[in-house]
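Nothing in this text is a laboratory measurement; each read-out follows from the coordinates by a stated rule. This one's a predicted model, so the numbers in the text were calculated from it and none came from an experiment. All Cβ positions, even for glycine, are placed from backbone atoms using ideal geometry, and neighbour counts span all protein chains on display.
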Amino acid sequence: MTDPRTRTLGWLLAGAFLLGLLVTALHPAYRGALRAIWSGAPETSPIWRSNERYYPRIGPRGEEVRPDAR
């Protein structure tokens, strides 16, 4: 017999996975992000671009801050 806590955790993980699939299927920005990741160019993702506009001073280590950033 399986421990009820293990079963509950399994159901929670399955529910989170299904919710993630539903969000990805219904939200165009998340579909675009998934396509960008699959194509090997995550920087073309709509979510990446919106974050880049929102956080202009944050970049990879060693990268210059964009001059238009405040």
Seminar exercise, completed: Between the modelled labels at T2 and R31 (7 Å from Cα along Cα→Cβ) the distance in nm is 3.3 nm
Problem set entry | Additional length obtainable on full extension of the chain from W11 to T24, 0.36 nm per residue less Cα span | 2.7 nm
Problem set entry | For the range 5-13, 3J(HN,Hα) per residue [Karplus equation, 6.51 cos²θ - 1.76 cosθ + 1.60, θ = phi - 60°, Hz, x = Gly/Pro] | 5, 5, 4, 4, 4, x, 5, 5, 5
Seminar exercise, completed: Sorted on mean Cβ neighbours within 10 Å (highest first), peptides 32-39, 14-21 come out as 32-39, 14-21
Seminar exercise, completed: Around A33 (Cβ within 14 Å, Cβ-to-Cβ, excluding A33; K/R +1, D/E -1) the net charge comes to +1
